[in-house]
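Working notes, beginning with the structure itself.
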Amino acid sequence: MRWIVWMAASAAVMVSACSKPDAKADATAPAGPRVVAANDIEAGRYLVLVGGCNDCHTEGFPQSGGSIPEAQRLTGRSVGYQGPWGVSYASNLRLLAANMTEDGWVEIMKTKKLLPPMPSHNLAKVSDPDLRAMYRYIHSLGAAGQPEPENLPPGVAPKTAVENMVPVPPAA
Ligand code: HEC
């Protein structure tokens with residue numbers, strides 16, 4: 001039984017390899033796990049939502065219970081995240097996607113060393129088709145908002161509100 005499954009899987013890989021030579025440019029190519037949706041924009045919309053991107057990259061999103069209109073989402077956050085790394089600001093992904101290629105986006109998500117609390121340790125593992133779907137969705141929303149404030153090194157006093165990411169011990 002197992003070998004039949006294996007044969008079927010190999011055949012599927014061979015067929016898809018033949019019929020989709022340009023798999024990189026196709027967010028629907030079956031390369032690794034991927035979300036199945038009506039199209040890549042819908043896949044990206046779903047991934048961005050359940051991937052929690054708005055919680056950091058959309059001002060006030062968690063506090064609103066997720067009710068910020070889509071047109072205003074992913075424009076970055078002006079409240080910084082303060083920790084031993086200094087202060088990091090969640091980027092305006094609308095401006096980022098508008099000004100970069102899809103390949104550039106995949107490269108950043110997989111390799112760029114980003115400051116906490118950006119969960120790169122998880123997101124670098126997202127499959128290529130899903131990363132491309134996220135880019136296509138965010139790109140489809142168009143440029144909006146202002147650039148996020150500059151990150152600050154440790155010891156520099158922020159000019160914005162910050163969230164303290166250092167654990168506070170319980171009162172004695
Ligand atoms: C817990 C908060 C948090 C979550 C959740 C989060 N991010 Fe981030 N993200 C950040 C912060 C903070 C930065 C800025 C890091 C830095 O400047 O080094 C960042 C940076 C990025 C960058 C790099 C931008 C640049 O200018 O190079 C990308 C791309 C990105 N996030 C995409 C995503 C996507 C897509 C998701 C959801 C799947 C997501 N992030 C979820 C906090 C978060």
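Observations on the model:
- Amide H contacts for Val162 (H built 1.01 Å from N in the peptide plane; partners 5 or more residues away or on another chain; cut-off under 5 Å): Gly80.
- Amide H partners (placed H, <5 Å) of Val87, local residues excluded: Leu152
- Pairwise FRET efficiency - Asn39 versus Val168, Cβ, R0 = 45 Å, nearest 0.05: 0.50
- Counting only Cβ charges, +1 for Lys and Arg and -1 for Asp and Glu, the dipole size of region 49-172 around its Cα centre is about 100 debye.
- Sorted peptide list for 99-112, 129-142, 150-163, 35-48, criterion being average Cβ within 10 angstrom, highest first: 129-142, 35-48, 99-112, 150-163
We did not get these values from a lab; they are worked out from the coordinates using the rules stated. This one's a predicted model, so the numbers in the text were calculated from it and none came from an experiment. Every residue, glycine as well, gets a Cβ built from its backbone with ideal geometry; the counts of neighbours run over all protein chains shown.
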